Amino acid sequence: MLNDNQTLTVLGCGTMGEAIVRGLLRAGRLKPAQIFATDRRGEVVRALREKHGIRTTSQNLEACKAAHVVLVCVKPHEVATALDTDDMRAALAGKLLVSIAAGVRLDQLSGWLPDSAVIRAMPNTPCLIGEGMTVIARGRGVTDEQAALATEIFRAVGRCLEADDKVMDAVTSLNGSGPAFAYMILEALTDGGVRMGLRRDTAMEIAAQMFQGAARMVLQTGMHPAALKDQVTTPAGCTIAGLLTMEDGRIRSVLARAVEEAAHVASRLGQS
């Protein structure tokens with residue numbers, strides 16, 4: 001992680017940026033004095049300082065000059081405005097910059113900041129509770145040490161792995177949009193429980209814990225989901241009856257197409 005005298009600057013410290021800050025502080029990875037956060041809204045700047053004891057400002061350039069590593073959390077259409085200036089190029093020269101802006105490619109980041117090491121990252125909203133998933137892609141010339149540093153930042157709020165930039169639109173769809181897809185499935189399962197007589201709060205808790213447990217089974221056993229599904233499915237049982245009903249509704253195709261369509265839209269984010 002960063003040395004005690006080094007600073008992480010978070011540009012545009014909104015919901016996701018604050019989740020990462022909170023995770024780093026909770027895990028003891030950084031001290032409050034090592035974090036410098038920005039937001040253009042004065043009330044947000046004050047709230048961040050009061051809640052976390054970190055340094056804050058409304059001036060991105062000031063914060064970047066003080067940084068060793070910069071985490072860019074502004075909206076995709078605001079990234080160019082924030083970074084593509086001579087002053088910012090000078091402030092970030094020789095430094096590591098990590099962008100979580102969906103759809104903003106590594107070649108764009110490198111074009112704006114030719115003297116900086118750039119990494120593209122895609123976290124998701126479960127980072128807010130420390131159960132996030134983040135995928136990073138490193139730009140040309142990024143060292144293993146710099147990639148490891150970025151990975152360690154995101155592991156403060158969940159899991160992190162590395163992929164190539166060419167698949168990051170698919171990552172944005174599956175990882176970034178994926179929680180919304182999961183919530184819709186979870187809601188539908190809850191509705192099914194209500195239809196069969198369960199109270200909604202009971203059905204929701206059962207469905208949510210079942211979802212979490214099933215996901216952890218995949219992660220902890222390393223088994224293919226189909227193999228785990230077969231463990232639940234007995235001859236002439238209720239599970240196979242339910243599965244066939246799902247297949248009648250083309251559940252696999254619909255979910256796969258949702259990821260595909262979201263990836264197409266993601267590829268256009270951050271582009272003029």
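Tell me yes or no: at least one residue of the range 93-107 is among the acidic types (Asp, Glu), farther than 20 Å from residue 151 by Cα and modelled with pLDDT of 95 or more.
Within the range 93-107 (the criterion being among the acidic types (Asp, Glu), farther than 20 Å from residue 151 by Cα and modelled with pLDDT of 95 or more), the answer is yes, since at least one residue qualifies.
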> Checking residue 254 against (1) surrounded by 12 or more Cβ atoms within 10 Å (Cβ to Cβ); (2) at pLDDT 95 or above; (3) closer than 30 Å to residue 120 by Cβ, which test does it fail?
Replying inline: (1)
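So is residue 15 without any contact (Cβ under 8 Å) to a residue 24 or more places away in the chain and not hydrophobic (A, V, I, L, M, F, W, C) or not?
On the way: without any contact (Cβ under 8 Å) to a residue 24 or more places away in the chain: no; not hydrophobic (A, V, I, L, M, F, W, C): yes.
For residue 15, the condition - without any contact (Cβ under 8 Å) to a residue 24 or more places away in the chain and not hydrophobic (A, V, I, L, M, F, W, C) - is not met.
Of everything in the range 70-87 that's of a type outside the set (Gly, Ala, Ser), surrounded by fewer than 20 Cβ atoms within 10 Å (Cβ to Cβ) and part of a helix (DSSP H, G or I), which residue is nearest to the chain's Cα centre (by Cα)? Break it down into steps so the answer makes sense when it comes.
Within the range 70-87, the first condition is being of a type outside the set (Gly, Ala, Ser), and the residues that meet it are 70-79, 81, 83-87.
Next cut, surrounded by fewer than 20 Cβ atoms within 10 Å (Cβ to Cβ) only: 75-78, 81, 84-87.
Then drop every residue that is not part of a helix (DSSP H, G or I), which leaves 76-78, 81, 86-87.
Working: 76: 14, 77: 18, 78: 18, 81: 22, 86: 29, 87: 29 Å.
Looking at residues that are of a type outside the set (Gly, Ala, Ser), surrounded by fewer than 20 Cβ atoms within 10 Å (Cβ to Cβ) and part of a helix (DSSP H, G or I), I get 76.
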> Can you spot a residue in the range 169-177 that is farther than 23 Å from residue 120 by Cα, surrounded by 16 or more Cβ atoms within 10 Å (Cβ to Cβ) and of a type outside the set (D, E, K, R)?
Replying inline: no
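Conditions tested, residue by residue: (1) open to solvent by 60 Å² or more (accessible area, probe 1.4 Å); (2) assigned to a helix (DSSP H, G or I); (3) of a type in the set (Phe, Trp, Tyr).
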position: 194; (1), (2), (3): no, yes, no
position: 209; (1), (2), (3): yes, yes, no
position: 219; (1), (2), (3): yes, yes, no
position: 234; (1), (2), (3): yes, no, no
> Which of (1) at pLDDT below 95; (2) in a strand (DSSP E or B); (3) not small (Gly, Ala, Ser) does residue 159 not meet, given it meets every other one?
Replying inline: (1)
> Could you list, in sequence order, the residues of the range 105-136 that are within 16 Å of the chain's Cα centre (by Cα), assigned to a loop (DSSP other than H, G, I, E, B) and within 19 Å of residue 9 (Cα to Cα)?
Replying inline: 123
>> What's the number of the only condition in (1) open to solvent by 90 Å² or more (accessible area, probe 1.4 Å); (2) under 30 Å from residue 138 (Cβ atoms); (3) not hydrophobic (A, V, I, L, M, F, W, C) that residue 187 fails to meet?
In response: (2)
> In the range 89-104, what count of residues is obtained for those that are open to solvent by less than 20 Å² (accessible area, probe 1.4 Å) and over 18 Å from residue 14 (Cβ atoms)?
Replying inline: 3
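So if I check each of 67, 33, 63, which one is more than 19 Å from residue 157 (Cβ to Cβ), open to solvent by less than 40 Å² (accessible area, probe 1.4 Å) and part of a helix (DSSP H, G or I)?
Working: 67 fails: part of a helix (DSSP H, G or I); 33 fails: open to solvent by less than 40 Å² (accessible area, probe 1.4 Å).
Checking each option against the conditions leaves just 63.
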> Taking the stated definitions as given, is residue 117 under 16 Å from residue 268 (Cα atoms) and out of contact with any His (no Cβ under 9 Å at 6 or more places or on another chain)?
Replying inline: no
> Out of all the residues in the range 8-30, is one or more of a type in the set (D, E, K, R), more than 17 Å from residue 95 (Cβ to Cβ), open to solvent by 30 Å² or more (accessible area, probe 1.4 Å) and in a loop (DSSP other than H, G, I, E, B)?
Replying inline: yes
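The values are calculated or read from the model by the stated rules, or taken from the named source; none is laboratory data. Note that the coordinates shown come from a computational prediction; the quantities given were computed from them, not determined experimentally. Note that we place each Cβ from the backbone using ideal geometry, even for glycine, and neighbour counts take in every protein chain shown. Side chains included, ligands, DNA and RNA excluded: accessible areas come from the protein's heavy atoms. Shrake-Rupley method; radii C 1.70, N 1.55, O 1.52, S 1.80 Å.
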